[in-house]
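The values are calculated or read from the model by the stated rules, or taken from the named source; none is laboratory data. Just so we're clear, the structure is a prediction, and the values are computed from it rather than from any experiment. All Cβ positions, even for glycine, are placed from backbone atoms using ideal geometry, and neighbour counts span all protein chains on display. Just the protein is used for accessible areas: all its heavy atoms, side chains included, with ligands, DNA and RNA removed. Shrake-Rupley method; radii C 1.70, N 1.55, O 1.52, S 1.80 Å.
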Amino acid sequence: MATEPPRVALCVARFYEELADKLEQGAREALAQAGVQEIDRYVVPGAYELPLIAKFAAESGRFDAIVCLGAVIRGETDHYDYVCSAAAEGIAGVALATGVPCGFGVLTVDSMAQALDRVLGGTKRDTGRHAVDAALAALAVKQDLSGRRARAGFAI
């Protein structure tokens, strides 16, 4: 029996527009290669807001997976630490609370040069693609486990 391609929400923080565009392009290319056709996009100003829109998307029941994209570049104050922690813990919390896999595609870097190395066309990795890969891998495990019968005395 063939399964339908998953429905995916892209949650994109646009504070660094050039990075957001490249992260989203990498994510969309990975989704297309995976056969995902149903993609909705939700935009917020910065990475701090990503957990809330990921929660809204997860709780809507419309999506099988969520991919959060954005960037935080270290500055002269502690703001970087708070935003990074809030984004990472918040997005992980959404996945754990809702059971909807959330890919973490938020760059947390010291400089724009480091960020550009970690997006589509960079020299290190494509973080948008990696976030999609992670979300779809978690979804595959979820689907595999939900399709198996529980052993006697154990509930899944």
Quote to one decimal, in nm, the extra length available between Q25 and A113 on full extension: 0.36 nm per residue of separation minus the C-alpha distance between them.
-> 29.8 nm
How big is the C-alpha Rg of segment 1-115 next to the rule-of-thumb value 2.2 N^0.38 Å, as a ratio?
-> 1.06
Long-range amide H partners of L107, meaning residues 5 or more apart or on another chain whose placed amide H is closer than 5 Å, are G70, A71, V72
How far, in degrees from 0 to 90, does helix 79-98 lean away from the longest principal axis of the Cα atoms of the chain, to the nearest 10?
-> 10
Amide H neighbours of C11 under 5 Å, counting only residues 5+ apart in sequence or on other chains, H built in-plane at 1.01 Å?
-> Y42, V67, C68, L69
Distance histogram for segment 58-117 (every C-alpha pair counted, 10 angstrom bins, percent rounded to whole numbers) = 22, 44, 25, 9, 0
Round to the nearest 10 and give me the degree value, 0 to 90, for the angle of helix 17-33's Cα axis relative to the longest principal axis of the chain.
-> 30
Cβ under 12 Å from D126's Cβ, D126 left aside: what net charge do those residues give with Lys, Arg +1 and Asp, Glu -1?
-> +2
To the nearest Å², the heavy-atom accessible area per residue of the chain with 1.4 Å probe amounts to 57
Judged on accessible area alone, 1.4 Å probe, highest first, K22, K142 line up as K142, K22
Please give the calculated 222 nm ellipticity per residue for the chain, where each DSSP H segment of at least 4 residues contributes -39500 (n - 2.57) and the sum is spread over every residue; nearest 500 deg cm²/dmol?
-> -15500 deg cm²/dmol
Contact order normalised by residue count of the chain, Cα under 8 Å, 6+ apart, percent | 27
Sequence order, segment 60-66: Karplus ³J(HN,Hα) from phi using 6.51 cos²θ - 1.76 cosθ + 1.60, θ = phi - 60°, Hz rounded, Gly and Pro as x, gives 5, x, 8, 10, 8, 8, 10
Decide, for segment 68-154, between rounded, prolate and oblate: order the square roots of the alpha carbon gyration tensor eigenvalues as a ≥ b ≥ c, take rounded if a/c falls under 1.5, and otherwise choose prolate if a/b is larger than b/c, else oblate.
-> oblate
